[in-house]
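Peer 1: Provided herewith is a single structure, encoded as structure tokens, for subsequent inquiry.
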Amino acid sequence: MDTDSMIQEQEKTITSWTDKTPLEWQAYVNKEVTVLADEKNEYQGWVVTIDPVSASIVLINFEDDQKTSVRIVMGHAVQKVEILKESDEVTQQKLLNIFNLQESSTAYSKEDLETKKANLKSWLQQNNIPVTEQGESMRTLCVAGVLTIDPPYGPENCNSTNEIILSRVQGLIQGYMTNQ
């Protein structure tokens with residue numbers, strides 16, 4: 001293979017990673033992977049997230065119970081990503097809690113979260129607010145298709161690009177929590 005075709009092949013491989021859609025990248029989240037990057041660097045870890053703008057991969061390695069390392073592989077450097085294995089429920093929970101210090105410090109059980117979700121969903125529906133459950137494990141509440149509420153279902157767990165709706169729903173949830 002001549003130098004020009006090697007360079008074209010490399011560019012095609014790099015481009016293919018950065019040209020993936022967020023939905024395609026989602027297939028790598030919560031999986032242990034090996035990432036081959038520029039200059040023959042190879043990284044291994046659990047994928048927490050992939051930045052949709054830069055295609056950068058956030059990898060986590062659990063070294064022991066007390067220590068966790070975080071590595072970010074820049075999207076432009078990624079040449080190949082290979083999935084090694086799926087996460088089990090314990091690993092998935094660790095990955096979910098890794099950056100959410102508030103949630104991990106309050107340590108809600110799965111049953112507590114289900115109860116909180118059901119109660120909040122019921123309360124929102126009683127107040128004529130359209131709400132559905134979404135996501136792979138149906139953990140996220142979706143209000144009117146424009147706002148999401150993630151566990152543990154407090155005002156700070158609301159996400160929306162519409163600031164007015166975000167502010168109003170956060171206020172409603174704060175009032176609901178105060179009355180509980």
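Peer 1: Mind checking which lysines have their C-alpha under 21 Å from Lys40, skipping anything on the same chain fewer than 8 residues away?
Peer 2: Lys12, Lys80
Peer 1: For Tyr28, what accessible area in Å² do you get when you roll a 1.4 Å probe over the heavy atoms of the protein chains, rounding to the nearest 10?
Peer 2: Its heavy atoms expose roughly 30 Å² to the probe.
Peer 1: Need one word for region 105-180: rounded, prolate or oblate. Basis is the Cα gyration tensor (sqrt eigenvalues a ≥ b ≥ c); a/c below 1.5 gives rounded, then a/b vs b/c decides.
Peer 2: rounded
Peer 1: From largest accessible area down, sort Lys80, Lys20, Lys94; use a 1.4 Å probe on the protein chains.
Peer 2: In descending accessible area the options line up as Lys80, Lys94, Lys20.
Peer 1: Tell me, what is the Rg over Rh of the chain, with Rh the Kirkwood radius over Cα pairs?
Peer 2: Rg/Rh: 1.07.
Peer 1: When the accessible area of the chain is computed with all protein chains present and a 1.4 Å probe, what percentage of it is carbon and sulfur?
Peer 2: It is 50 percent, rounded to a whole number.
Peer 1: Pick from Ile98, Ile83, Ile164 the residue whose mean-square fluctuation is largest in a GNM of the chain, springs joining Cα atoms under 10 Å.
Peer 2: With Cα springs under 10 Å in the chain, the top fluctuation among Ile98, Ile83, Ile164 is at Ile164.
Peer 1: Could you state how much accessible area Trp17 has, in square angstrom rounded to the nearest 10, with a 1.4 Å probe and all protein chains kept in place?
Peer 2: Counting only protein heavy atoms, Trp17 exposes about 10 Å² to solvent.
Peer 1: Additional query: In whole percent, what relative contact order does the chain give with Cα contacts below 8 Å and a gap of six or more residues? Write down the numbers at each step before the final one.
Peer 2: Working: 237 pairs, mean separation 23.8, N = 180.
Once normalised by length, the contact order is 13 percent.
Peer 1: Something else now. Any idea of the accessible area per residue across the chain, 1.4 Å probe, to the nearest Å²?
Peer 2: Details: 11530 Å² over 180 residues.
The answer is 64 Å² per residue.
The values are calculated or read from the model by the stated rules, or taken from the named source; none is laboratory data. Only a predicted model underlies this, so the values are computations on that prediction, with no experimental measurement involved. Just the protein is used for accessible areas: all its heavy atoms, side chains included, with ligands, DNA and RNA removed. Shrake-Rupley method; radii C 1.70, N 1.55, O 1.52, S 1.80 Å.
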